[in-house]
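Quick notes on the structure that follows.
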Amino acid sequence: MQGKIIKGIAGFYYVHNPEKGTYACKAKGIFRNEKIKPLVGDMTEFHVTHEGDKEGSIDKILPRKNALIRPAVANVDQAMIIFAVASPAPNLNMLDRFLITMELQHVETIICFNKTDVSSQEEVDRLGDVYKNCGCQVVFTSVEKQEGLLQVRELLKDKTTVMAGPSGVGKSSMMNYLKPEAAMETGAISKKIQRGRHTTRHSELFHLEGSTYVMDTPGFTSLYIDHVEAQDLKNCFAEFEPYEGQCRFNGCVHIHEPDCAVKEALKAGKISRSRYDNYVIFYEELKSQRRY
């Protein structure tokens with residue numbers, strides 16, 4: 001029988017088969033000997049050891065399409081990064097770091113701005129303008145008002161999606177809507193620091209329907225960009241792509257060079273100032289890291 005690992009706790013791997021349900025499985029010792037660590041999201045071949053108690057044993061880990069490090073999950077089709085439009089205000093530097101991290105791992109990303117019910121239309125329009133050319137699909141939702149959620153369901157359909165974002169933006173509330181029986185603890189927002197408490201404690205895939213799975217990952221506060229050279233960072237910004245080859249210098253990194261097509265597009269308002277400024281920050285960070 002085949003199934004997907006949806007959770008790993010205390011030496012047991014919970015394997016879900018859409019027709020038969022979920023089995024608590026042990027992994028064979030051969031995996032340890034071969035230094036193979038099963039990951040949430042792995043497709044497996046397993047056999048049932050006790051149908052009544054829904055117990056089994058994993059025989060084989062099937063080849064992975066991909067494997068992410070943060071969070072540790074395999075066979076991801078896409079990521080959905082959730083930020084609030086307001087309360088708390090979105091940290092676009094953090095959002096852009098996440099987009100680069102997913103780009104470097106070749107994972108398509110959906111940007112979801114939640115809490116439109118507590119924000120102005122001007123802020124919604126501003127964020128839409130910042131990310132309209134970033135290469136990702138952008139959706140605006142209000143879990144509270146149940147607005148935009150049918151579009152989210154359609155984007156998740158028949159895919160394995162990692163849902164991520166800082167605490168307090170409504171990830172767990174979104175999960176509660178998508179899968180009420182998941183009963184995720186939503187946690188209160190601290191008014192003093194405008195940041196949510198970390199409420200997600202372990203990585204777990206939730207089966208919504210058919211071949212649709214969603215993972216709600218722990219809230220994060222920072223992402224370090226690595227595994228990319230400073231001069232290659234520009235390739236992670238889709239807005240720059242139309243201007244490649246139009247600069248005076250080959251290998252232009254679009255910062256200090258004269259006659260730079262990207263900087264001309266920035267002046268003309270064709271590239272978001274917020275996105276470009278973050279690009280410069282990340283470029284300088286990478287250059288600094290390489291000096292040590």
Single residue of segment 160-213 satisfying the filter (exposed (fewer than 15 other Cβ atoms within 10 Å of the Cβ), of a type outside the set (A, V, I, L, M, F, W, C) and modelled with pLDDT under 50) that is nearest to the chain's Cα centre (by Cα):
H198
Candidate set: segment 3-32, residues that are open to solvent by less than 40 Å² (accessible area, probe 1.4 Å) and hydrophobic (A, V, I, L, M, F, W, C); chosen: the one modelled with the lowest pLDDT:
F31
Given the condition buried (at least 22 other Cβ atoms within 10 Å of the Cβ), under 18 Å from L205 (Cα atoms) and in contact (Cβ under 8 Å) with a residue 40 or more places away in the chain, answer yes or no: does some residue in segment 111-121 qualify?
no
If we scan segment 140-159, do we find a residue that is without any contact (Cβ under 8 Å) to a residue 40 or more places away in the chain, of a type outside the set (D, E, K, R) and closer than 19 Å to E239 by Cα?
no
Name the pairs whose Cβ atoms lie under 6 Å apart, with the first residue in segment 75-88 and without any contact (Cβ under 8 Å) to a residue 60 or more places away in the chain, the second surrounded by 23 or more Cβ atoms within 10 Å (Cβ to Cβ) and part of a strand (DSSP E or B), and 6 or more positions between them or separate chains?
V85/F113
Among the residues of segment 92-106, count how many are open to solvent by 10 Å² or more (accessible area, probe 1.4 Å) and over 17 Å from V139 (Cα atoms).
8
Could you tell me whether any residue of segment 245-260 is within 25 Å of G128 (Cα to Cα) and open to solvent by 40 Å² or more (accessible area, probe 1.4 Å)?
no
Which numbered condition Q289 fails, given (1) at pLDDT below 95; (2) closer than 25 Å to E108 by Cβ; (3) in contact with an Asp or Glu (Cβ under 8 Å, 6 or more places away or on another chain); (4) not aromatic (F, W, Y):
(2)
Mind checking which residues of segment 261-292 are part of a helix (DSSP H, G or I), among the polar types (S, T, N, Q) and open to solvent by less than 30 Å² (accessible area, probe 1.4 Å)?
N278
Only residues in segment 272-292 that are closer than 9 Å to N93 by Cα count as the first member; pair them with residues that are open to solvent by 70 Å² or more (accessible area, probe 1.4 Å) and outside any helix (DSSP H, G or I), Cβ under 9 angstrom, at least 6 apart or cross-chain, and list the lot.
R275/N133
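The values are calculated or read from the model by the stated rules, or taken from the named source; none is laboratory data. Given the structure is predicted, the values throughout are model-derived calculations rather than measurements. Don't worry about glycine lacking a Cβ; one is built from the backbone with ideal geometry, like all the others, and counts go over all protein chains shown. Accessible surface areas use protein heavy atoms only, side chains included; no ligands, DNA or RNA. Shrake-Rupley method; radii C 1.70, N 1.55, O 1.52, S 1.80 Å.
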